[in-house]
1. Could you tally the net charge around residue 98, taking each other residue with its Cβ under 14 Å from the Cβ of residue 98, Lys/Arg +1 and Asp/Glu -1?
2. What are the semi-axes of the equivalent ellipsoid of segment 39-269, taken as the square roots of 5 times the eigenvalues of the Cα gyration tensor, listed largest first and rounded to whole Å?
3. Could you tell me, in Å, what Rg and Dmax come out for the Cα atoms of segment 162-222?
4. Return the long-range amide H neighbours of residue 110 (sequence gap of 5 or more, or a different chain), with a cut-off of under 5 Å between placed amide H atoms.
5. Given a Förster distance of 45 angstrom, what is the FRET efficiency for residue 163 paired with residue 309, based on the Cβ-Cβ distance and rounded to 0.05?
6. Quick one: which residues, 5 or more positions from residue 216 or on another chain, have an amide H under 5 Å from its amide H? H modelled 1.01 Å from N in the peptide plane, none for Pro or chain starts.
7. Taking 0.36 nm per intervening residue step and subtracting the Cα-Cα distance, what contour gain separates residue 97 from residue 203 on full extension?
8. If I stretch the segment between residue 351 and residue 335 completely, what's the gain in nm (0.36 nm per residue apart, minus their alpha carbon distance), one decimal?
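The values are calculated or read from the model by the stated rules, or taken from the named source; none is laboratory data. Just so we're clear, the structure is a prediction, and the values are computed from it rather than from any experiment. Positions of Cβ are generated from backbone atoms using ideal geometry, with glycine treated the same way; all protein chains shown enter the neighbour counts. Quick note on the areas: whole protein, heavy atoms, side chains included, nothing else; ligands and nucleic acids left out. Shrake-Rupley method; radii C 1.70, N 1.55, O 1.52, S 1.80 Å.
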Amino acid sequence: MKRRTFLTIMGSAGVVSALGTAKVAQAGPHTFPYYADSYGVLHDTTRCIGCRKCEEACNKVNHLPKPKKPFSDLTVCDTHRRTGEYEWTVVNKYKVNGKDVFRKLQCFHCNDPACASACFAKCFTKHPNGAVHYEGSQCVGCRYCMVACPFYVPGFQYDEAFDPLVQKCTFCEPLLMEGKLPGCVQACPKDALTFGRRSDLLRLARARMADNPGKYVNYVYGETDAGGTAWMVLSPAAGQLAASLTPDDAPLAGDEMKQLGLNTHLGHSPMGELTYGALGAVPMIVAFWPVLFGGAYAISKRREAMYKAEKDEKVKEAREDVAAAVDAAVRKIEETQGPGAADTARRAMTEALKARETECKCHGEDK
């Protein structure tokens with residue numbers, strides 16, 4: 001479905017669509033079920049060496065354009081890059097307590113994704129396997145998903161003139177459906193990425209913390225942040241943060257995580273609670289805008305018609321006044337100088353008036 005078709009349908013839906021939206025918004029923000037057995041990935045940043053093999057695999061699996069700098073150039077990790085329309089995963093280098101630490105960035109595949117709550121075209125779907133799926137055939141390019149995402153993940157194809165789409169990590173869902181691992185997980189040479197059931201990954205994370213006291217911040221990023229995510233992160237810790245922390249203690253672990261580029265102030269509620277109420281009204285606006293703008297257009301055209309009619313009436317009156325003045329002048333000449341002089345004067349004045357009228361029309365005047 002193309003944008004024009006979609007907007008036509010939305011416009012014709014009218015009041016029915018608007019009232020339906022109001023009811024949904026009133027019902028609550030939780031539009032996606034939580035899949036307890038969904039898959040996820042645990043990213044252990046203490047094991048990541050910044051080799052960019054995951055970037056290369058992502059690029060190859062998804063048939064993305066090659067980057068300007070080759071994947072063998074590791075200096076690009078020094079720049080804190082964001083994911084984009086053609087870079088669905090990137091690895092950046094951070095300084096954490098004075099040491100180099102690498103972290104992979106990609107879509108977190110939230111349990112209750114804000115992008116899906118914000119999208120009135122329903123392009124995003126949370127699947128039972130954990131992936132947040134994007135279907136671009138009905139995308140209208142509003143980019144509300146980009147605004148709503150707390151991790152600034154989605155990119156937009158600004159270079160596509162006719163049918164630009166939103167782009168992001170797909171969780172390699174086609175590979176998952178074939179029983180294979182995501183491309184980045186397969187390519188990682190240091191087991192910094194572990195794929196599995198989300199519940200199993202949380203147990204694995206806790207086990208690593210227990211087996212390596214003082215190595216990790218005792219907090220699994222993504223367990224409850226923004227309502228929970230499929231991709232979760234283990235962070236290196238300073239000694240004082242090795243003590244047990246609960247999910248409510250994210251701000252205490254914030255220094256290390258902030259140094260690692262992780263936002264610990266997202267809270268534990270789904271971000272849809274913030275986006276759904278405001279952006280849920282968008283279909284109502286889309287439904288009514290043809291009426292609103294159509295009415296404004298009609299008023300404008302009516303005003304123009306009234307102005308033209310009034311203007312034409314004034315021009316007619318002016319011409320009648322001029323004709324009366326010419327007749328009076330000709331009669332006066334005829335009385336004093338005779339009919340021949342009167343005829344000559346009438347022709348001269350008539351030609352002068354026609355010349356003046358032609359000149360006014362050329363300059364856009366009506367006099």
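1. Residues close to residue 98 contribute a combined charge of 0.
2. They are 28, 20, 17 Å, listed largest first.
3. For segment 162-222, the Cα radius of gyration and maximum Cα-Cα distance read 15.7, 55 Å.
4. The answer is 230.
5. 0.50
6. 237
7. Roughly 35.5 nm would be gained on extension.
8. Numbers: separation 16, 0.36 × 16 = 5.76 nm, distance 2.22 nm.
That works out to 3.5 nm of additional length.
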